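A short worksheet on the structure shown next.
The values are calculated or read from the model by the stated rules, or taken from the named source; none is laboratory data. The shown structure was predicted, so the numbers you read here are calculated from the model rather than taken from an experiment. Heads up, the Cβs are rebuilt from the backbone with ideal geometry, glycines too, and the neighbour counts pull from every protein chain shown.
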């Protein structure tokens, strides 16, 4: 077991999960389908809503992870147009029922595009917080107060006991060693955002109309969450607005929250985004612009990064793998212990997800 542990440690990225996700994981895009009314055409006011949404989302805007489509083959039952919001295709595979649907109005469009809680989450993550815990209240004061107490207790414990993995280089430190050709890309931050262990939480009332669509994004992450609408839920949000499945009712306890916090602050053992748990939330934020301008400048050629992405011959999320020493890479792949190490790493990652899922209620 010690042998395998050393191998896995050698393959792991030293940057904490929460920071790796913030700097290197691009967000998945939601799909908004617009269905015209009975006439088959959008009214002038509806076209204005469409232009507003297109200006906020899409591959060219960089402001919101949303793709807008018009379903010209469908005609609504009423005279007005409608909107249907779907999770990112990478998450669901074949299209599932919409997360939310409503009239094609400017009010609904603005509620979909942005909200005060989402703006606050973005602000905190860009200030360096490891994760923001989002509490969706049950409406039962006793249950909600208990959830708050347990969350605050776990946050205090995590901030006191968890540590940043050894060997992580800040931007300034990386620039000093890059000239000496000794820098490890797996241990290097990409921005000067403060690196710290810091957690906080926000509360959303079930009756808050401003957060109605955001609330539905969270409450549809799993098909059975509707069964727990009378219970408090807490969703940890990290990286570029990526949420994990919630802890519910008595599952909101110090032990479970601390275990999740340990995952966020541990070394990023799997750099491939879609092999990690979680769902990207629909958020209006130009993450790249917020992080840009602080990248480390490479002054000399560096040895290739050997990680899971390289071993699989694919680029990891958010960075391009350039094969400059193909013969060396092929030689490493041919070594059986490297293949075994990669398999064990993926098994451990999958096992962690299963354990967290089984303990969340």
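Of all residues in segment 227-254, which are assigned to a loop (DSSP other than H, G, I, E, B) and farther than 28 Å from residue 114 by Cβ? Let's see the steps before the verdict.
Kept after step one, since they are assigned to a loop (DSSP other than H, G, I, E, B), are these residues of segment 227-254: 229-232, 239-241, 244-246, 252-253.
Matches in segment 227-254: 230, 253.
So which residues in segment 124-137 are touching a strand residue (DSSP E or B) at 6+ places or on another chain (Cβ under 8 Å) and in a loop (DSSP other than H, G, I, E, B)? Spell out the reasoning first.
Initial filter on segment 124-137 (touching a strand residue (DSSP E or B) at 6+ places or on another chain (Cβ under 8 Å)): 124-125, 129-137.
Scanning segment 124-137 gives 129, 130, 137.
Taking the condition buried (at least 18 other Cβ atoms within 10 Å of the Cβ), within 25 Å of residue 268 (Cα to Cα), out of contact with any helix residue (DSSP H, G or I) (no Cβ under 7 Å at 6 or more places or on another chain) and modelled with pLDDT of 85 or more, does residue 221 pass? Break it down into steps so the answer makes sense when it comes.
Numbers: buried (at least 18 other Cβ atoms within 10 Å of the Cβ): yes; within 25 Å of residue 268 (Cα to Cα): yes; out of contact with any helix residue (DSSP H, G or I) (no Cβ under 7 Å at 6 or more places or on another chain): yes; modelled with pLDDT of 85 or more: yes.
Answer is yes for this residue.
Listed residues 158, 147; which is in contact with a helix residue (DSSP H, G or I) (Cβ under 7 Å, 6 or more places away or on another chain), part of a helix (DSSP H, G or I), at pLDDT 95 or above and assigned by TED's automatic domain parsing to the domain that holds residue 243? Working first, answer last.
Details: 147 fails: in contact with a helix residue (DSSP H, G or I) (Cβ under 7 Å, 6 or more places away or on another chain).
The conditions single out 158.
Whether any residue in segment 255-271 is modelled with pLDDT of 95 or more and in a strand (DSSP E or B) is what I want to check.
The answer is no; no qualifying residue exists.
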